[in-house]
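The structure under discussion appears below in the form of structure tokens.
The values are calculated or read from the model by the stated rules, or taken from the named source; none is laboratory data. Predicted, not measured: the structure shown is a model, and the values here were computed from it. Cβ placement follows ideal geometry from the backbone for every residue including glycine, while neighbour counts extend to all protein chains displayed. For the accessible areas, the whole protein counts, side chains as well, though only heavy atoms, and no ligand, DNA or RNA atoms are used. Shrake-Rupley method; radii C 1.70, N 1.55, O 1.52, S 1.80 Å.
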Amino acid sequence: MTTACDIPPAVKAKVWERDGGRCILCLSPEASPNAHYISRAHGGLGIPENIVTLCRRCHEQYDNSAERSFLRAEIRAYLIRTYPGWDAKNLIYRKTKGG
């Protein structure tokens, strides 16, 4: 696993501010900016365009429930509204040749 998939403190701060300090799904203030749209396991980068603020309950549902497809669509729509030109292909770590 590469550190490119980690979420640096500066990114967490930016995402927290962008998301208004609340879960983007249920609006709970008991949330953290630590959910990857493209998971770390799939090479999802730790950049604002791939990170959202979720509460523990919504994050658990997103990661491990039958609701995943619905929640993924909601998160995707949020990111598209937030970042014009957003493209999930730009969220994946790709090792470049020679480095």
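Numbers below:
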item	result
Relative contact order, percent, the chain [alpha-carbon distance under 8 Å, six or more residues apart]	28 percent
Centroid-to-centroid separation of the stretch 54-80 and the stretch 15-29 [C-alpha atoms, Å]	13 Å
Å² of accessible area per residue within the chain, as computed with a 1.4 Å probe and no ligands counted	62 Å²
Rounded to the nearest 10 Å², the accessible area of Tyr93 at probe 1.4 Å	90 Å²
Top positive-direction residue, dipole computed over the chain with Cβ charges, set Ala31, His42, Cys58	His42
Protein accessible area in the stretch 28-99, 1.4 Å probe - carbon and sulfur %	51 percent
FRET efficiency, Ile80 to Arg56 (Cβ-Cβ, R0 30 Å, nearest 0.05)	0.75
Exposed trypsin sites (Lys or Arg not before Pro) absent - longest run of the chain, DSSP non-H/G/I/E/B, at most 12 other C-beta within 10 Å	1-93
Size of electric dipole in the chain: Cβ of Lys, Arg +1 and of Asp, Glu -1, about Cα centre, debye, nearest 20	320 debye
Taking the stretch 1-52 and dividing mean pair separation by its residue count, relative contact order in percent (alpha carbons under 8 Å, at least six apart)	43 percent
Over the stretch 16-99, volume per residue of the alpha carbon convex hull, in Å³	101 Å³
Selected from Ala77, Ala41, Ala13 as most flexible by GNM, with the chain as the system and alpha-carbon contacts under 10 Å	Ala41
Computed [θ] at 222 nm, deg cm²/dmol, the chain (DSSP H ≥ 4; -39,500 (n - 2.57); rounded to nearest 500)	-10500 deg cm²/dmol
